Amino acid sequence: IVDAVGIDERQQLFSDMIVFSTYAIQVLSAFMMVTNLIQTSPRSLVSSKRIQEILTYGIAIPDGVVPAGQDREGEVEFRGVSFEYPETGAEVLHDISFKAERGQTVAIIGSTGSGKSTLLSLITRFYRPTSGQVLVDGRDVGEYERAELNSKFGFVPQTSVIFAGTVRSNVAFGDMADKASDDDVWEALDIAQASEFVSEMEGGLDAEVQQGGKNLSGGQRQRISIARAVCRHAEILLMDDSFSALDFKTDKLVRQSLKARVKDATFIIVAQRVGSIMDADLILVLDEGRIVGRGTHDELMEGCPLYREIAVSQMTEGTI
Ligand SMILES: Nc1ncnc2c1ncn2[C@@H]1O[C@H](COP(=O)(O)OP(=O)(O)OP(=O)(O)O)[C@@H](O)[C@H]1O
Ligand SMILES: [Mg+2]
């Protein structure tokens, strides 16, 4: 009996210990939750403040009123445009004036940081000029409804943006997704010299494209990006250093097919290579936000020291 009682007491002690440690763990974890809360609350406060800031942010650039169905000429004009970034206040473009007529190719060349991408962002109304006017088809870009303005451009950004999906969904993108047929997509790919590698991909137009285009080469991404702009059948094509990842031969083929097959479009092309822009109707040489030379290739070789310097340095590079 004594033994039986002993065992019984020991069992009692054991179960007491389990109960005790369970309670102890519960109390401890409650304490840990409180400390965790104290630790994360300053971060949450800052985040909620930021979210609040975004939710209450006023529209920086108000929309215009000119609806669809207006003239579609493809004319772009800068009238005495200066611009400073609101964030920094430093003037990035000074008194820029030029005109690109329908069907013309206007090229912009200049060293890194000279303001080329900024200039394009004023045409798409990503920013508004600090002074002067940017006109498309004779109207200030500020007057257009956003959808109408967007429909006028095909824009190839400096860094190709590729989305997870298929080749088709990357080319016929946004409002073109329902409008473009397979033939339209192939045609755009063909103009961008991309149809060959796409037809070799498994699935063709349905071939999988990973986020950021990880399963594509830089030059392939750039050509998909060009095809996307072409597919919009826009009156104005803006290309920001869009041939940089292509070899000289492909670069030339893309430019030739754009010129021949994208009928009547106006091209505004930013380029680093003189070879890519030699046959432009008008070349603007940008230096620290100012136009320091304008004309055709031959005129600039004659009269613009900076242009000649760029051209000569690239020629010598090319012969090495
Ligand atoms: N979002 C921005 N906020 C403030 N400053 C900017 C911003 N983007 C560009 N800048 C500045 O504006 C100037 C012109 O930049 P931009 O990108 O237009 O040059 P770029 O000619 O396109 O150069 P790259 O050939 O390297 O692409 C640079 O001095 C740059 O630091
Ligand atoms: Mg740029």
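The values are calculated or read from the model by the stated rules, or taken from the named source; none is laboratory data. Because the structure is predicted, anything quoted here is derived from the model rather than measured. Positions of Cβ are generated from backbone atoms using ideal geometry, with glycine treated the same way; all protein chains shown enter the neighbour counts. With ligands, DNA and RNA removed, areas are computed over all heavy atoms of the protein, side chains included. Shrake-Rupley method; radii C 1.70, N 1.55, O 1.52, S 1.80 Å.
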Whole-Hz couplings from phi, Karplus 6.51/-1.76/1.60, listed for the range 102-115; x for Gly and Pro: 3, x, 7, 10, 10, 10, 10, 10, x, 5, 4, x, 7, x
Hydrodynamic radius (Kirkwood) for the chain, which is based on Cα pairs only, to one decimal in Å: 23.4
In degrees, nearest ten, helix 218-231 long axis to first principal axis of the chain (Cα): 70
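Mean separation of Cα pairs under 8 Å and 6+ residues apart, divided by the residue count of the chain: what relative contact order is that in percent?
Taking the mean separation of contacting Cα pairs over the length of the chain, I get 20 percent.
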Stokes-Einstein translational diffusion, the range 63-166 - Kirkwood Rh over all Cα pairs, 1.002 mPa s, 20 °C, in µm²/s: 145
The range 256-268 - phi-based ³J(HN,Hα) in whole Hz, Karplus 6.51/-1.76/1.60, Gly and Pro as x: 5, 6, 4, 4, 7, 10, 9, 5, 6, 6, 9, 10, 10
Folded to 0 to 90 degrees: helix 182-191 orientation relative to the chain principal axis, Cα: 60
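Which of the GluC sites (Glu not before Pro) across the range 10-112 are loop residues per DSSP, with 14 or fewer other Cβ within 10 Å? Can you show the working numbers first?
On the way: sites: GLU53, GLU73, GLU75, GLU77, GLU84, GLU87, GLU91, GLU101; in loops: GLU73, GLU75, GLU87, GLU101.
For GluC sites (Glu not before Pro) across the range 10-112 that sit outside H, G, I, E and B with at most 14 neighbouring Cβ atoms in 10 Å, the list reads GLU87, GLU101.
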P(r) histogram, all alpha-carbon pairs of the range 1-58 included - 5 Å bins from 0, percent: 4, 15, 9, 10, 9, 8, 8, 7, 6, 5, 5, 4, 3, 3, 2, 1, 0, 0
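Of all DSSP beta bridges located in the chain, what percent are antiparallel, nearest 5?
Values: 20 of 39 bridges.
Just about 50 percent of them are antiparallel.
What Kirkwood Rh does the range 277-320 have if only Cα atoms enter the pairwise 1/r average? Answer in Å.
Values: mean 1/r = 0.0928 Å⁻¹.
Roughly 10.8 Å, rounded to one decimal.
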For the range 197-266: accessible area per residue (Å², 1.4 Å): 46
Lysine pair number, Cα distance threshold 23 Å (strictly under), the chain, separation 8 or more or different chains: 14
Pair ASP279, LYS252: separation of 7 Å Cα→Cβ label points (nm): 1.0
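Carbon and sulfur atoms: what percent of the 1.4 Å accessible area of the chain do they account for?
Exposed carbon and sulfur together represent 56 percent of the surface.
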Under-5 Å amide H pairs with VAL156, H placed in peptide plane, nonlocal only: LEU238, MET239, ASP240
Residue-averaged [θ]222 nm for the chain, counting only DSSP H segments that reach four residues, each worth -39500 (n - 2.57): -14000 deg cm²/dmol
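For the range 99-129, run through the trypsin sites (Lys or Arg not before Pro) and keep only the ones in DSSP coil with at most 15 other Cβ atoms within 10 Å of their Cβ.
Numbers: sites: LYS99, ARG102, LYS116, ARG125; in loops: ARG102, ARG125.
Taking the range 99-129 and a limit of 15 other Cβ atoms within 10 Å, the loop trypsin sites (Lys or Arg not before Pro) found are ARG102.
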Relative contact order (%) - criterion: Cα under 8 Å, at least six apart; region: the range 179-272: 33
Accessible solvent surface per residue of the range 55-156, calculated while the other protein chains remain in place, 1.4 angstrom probe, Å²: 47
Global size of the range 167-320 as Cα Rg and Dmax, reported in angstrom: 17.3, 52
Acute angle (nearest 10 degrees) that the helix 2-55 long axis makes with the longest principal axis of the chain, alpha-carbon atoms: 20
